[in-house]
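*Asks:* Got a structure for you, questions after.
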Amino acid sequence: MSRRIRIVCDNTAGALAGTLGEHGFAAHIEADGSSILFDTGGGHTLLHNAQRMNLDLRAVGEVVLSHGHYDHAGGLWPLLQSTGGKRVLAHPKVFTRRYSLREGVCRSVGIPYPEEFLAGMGASFSYSEDFREITPGIYLTGEVPRVTPFEEGDRGLFCDEEGCHPDPVPDDQSLVVKTGKGLLLLLGCCHAGVINTVEHARQKSGEERVYAVIGGCHLSFCSQPQIDETVRTLKRYGVKKICAGHCTGFEASARLSREFPASFRPAQVGYTIEW
Ligand SMILES: [Fe+2]
Ligand SMILES: [Fe+2]
């Protein structure tokens, strides 16, 4: 029985011929007969890349939205159009209105379709802010408590166009797989902070060992001390595989690659990890 995660959407495409990159993230999890789609990308590459990867999206049982940003949920409409109804797991605040404000430019970055529209297309939403088991050995973190002093988050995200109300992205959550080698964490953007997320997963799952961290680490808009402390803590965990992509950022990815020469891989479309 195969147990593997494959990256279907990312900012960069790997060596798999014909796959495309876009600003966004999606990964497919296959474990003991379960088929789970974690995020859907921005909507431009999911169906195309899945076809190139011989991935049958009709067989997906659950769709998880890591949080309500367009680059993770934008593929939900094309997915529903293509496959029909799906159960969609998310945090209750996933449809919050939200904006990014950088260098004076404001952009709407929330889910680009209303909840009712997606429900009409066959999305059956299951909301929870708690840690929950999706299928045996695979969990969703739910809302992640922000406990580390160094993970300050992205200060360019707001709930209003004027930039008066910061958006801490409380709906941000990650997927956790309990493997024989320790926890495998699959991150969307990880606005909650990589270390906050790992700590929450360790505490809720009862597993101390951290085997792998895969996905978007959102370190590109964070301070140098946050990157330094994140690297230090990941080393302390003894993480065996780090596969960072999407919003991790070039500089942070280069740093991770340098600090973890034996375990770092860039998360690109087509990257596969088995356990
Ligand atoms: Fe993102
Ligand atoms: Fe995000």
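Computed from the coordinates by the stated procedures, all read-outs in this text should not be read as laboratory data. This structure is a prediction, so every number in the text was calculated from the model and none was measured. Heads up, the Cβs are rebuilt from the backbone with ideal geometry, glycines too, and the neighbour counts pull from every protein chain shown.
*Asks:* To check you understand DSSP bridge types, tell me what percent of the beta bridges within the chain (both residues inside) are antiparallel, rounded to 5. Spell out each step's value before the answer.
*Replies:* Numbers: 32 of 57 bridges.
Roughly 55 percent of the beta bridges in the chain run antiparallel, per DSSP.
*Asks:* Something else now. Alpha carbon centre of the range 241-275 versus the range 4-53: separation in Å?
*Replies:* Using only Cα atoms, the two centres lie 16 Å from each other.
*Asks:* Still on this model: Pairs Lys93/Lys181; Lys86/Lys181; Lys204/Lys241: which exceed 24 Å Cα-Cα?
*Replies:* Result: Lys93/Lys181; Lys86/Lys181 exceed 24 Å.
*Asks:* Sort Cys9, Cys106 so that the residue with the fewest other Cβ atoms within 10 Å of its own Cβ comes first and the one with the most comes last.
*Replies:* Working: Cys9 33, Cys106 14.
Lowest to highest Cβ neighbour count: Cys106, Cys9.
*Asks:* Amide H neighbours of Glu62 under 5 Å, counting only residues 5+ apart in sequence or on other chains, H built in-plane at 1.01 Å?
*Replies:* Placed amide hydrogens put Ser35, Leu37 under 5 Å from Glu62.
*Asks:* Assuming a ≥ b ≥ c are the square roots of the Cα gyration tensor eigenvalues, decide whether the chain counts as rounded (a/c under 1.5), prolate (otherwise, with a/b larger than b/c) or oblate.
*Replies:* Details: a/c = 1.34, a/b = 1.06, b/c = 1.25.
Judged from the Cα gyration tensor, the chain comes out rounded (a/c under 1.5).
*Asks:* Okay, next question. Report the GluC sites (Glu not before Pro) located in the range 128-176 that are in a DSSP loop and have at most 10 other Cβ atoms inside 10 Å of their Cβ, or state none. Don't skip to the answer; put the middle values down first.
*Replies:* Details: sites: Glu129, Glu133, Glu143, Glu151, Glu152, Glu161, Glu162; in loops: Glu129, Glu143, Glu151, Glu152, Glu161, Glu162.
Loop-located and lightly packed - Glu162.
*Asks:* Can you sort Phe125, Phe250, Phe38 from fewest to most other Cβ atoms within 10 Å of each residue's own Cβ?
*Replies:* Details: Phe125 17, Phe250 8, Phe38 29.
Ordered by Cβ neighbours within 10 Å, fewest first: Phe250, Phe125, Phe38.
*Asks:* For a footprinting-style exposure proxy, rank Val231, Val144 by other Cβ within 10 Å, fewest first.
*Replies:* Numbers: Val231 19, Val144 26.
In increasing order of surrounding Cβ atoms, one gets Val231, Val144.
*Asks:* Give the relative contact order (percent, whole number) for the chain; include only Cα pairs under 8 Å separated by 6+ residues. Each step should come with its number before you reach the end.
*Replies:* Values: 667 pairs, mean separation 50.9, N = 275.
About 18 percent, as a whole number.
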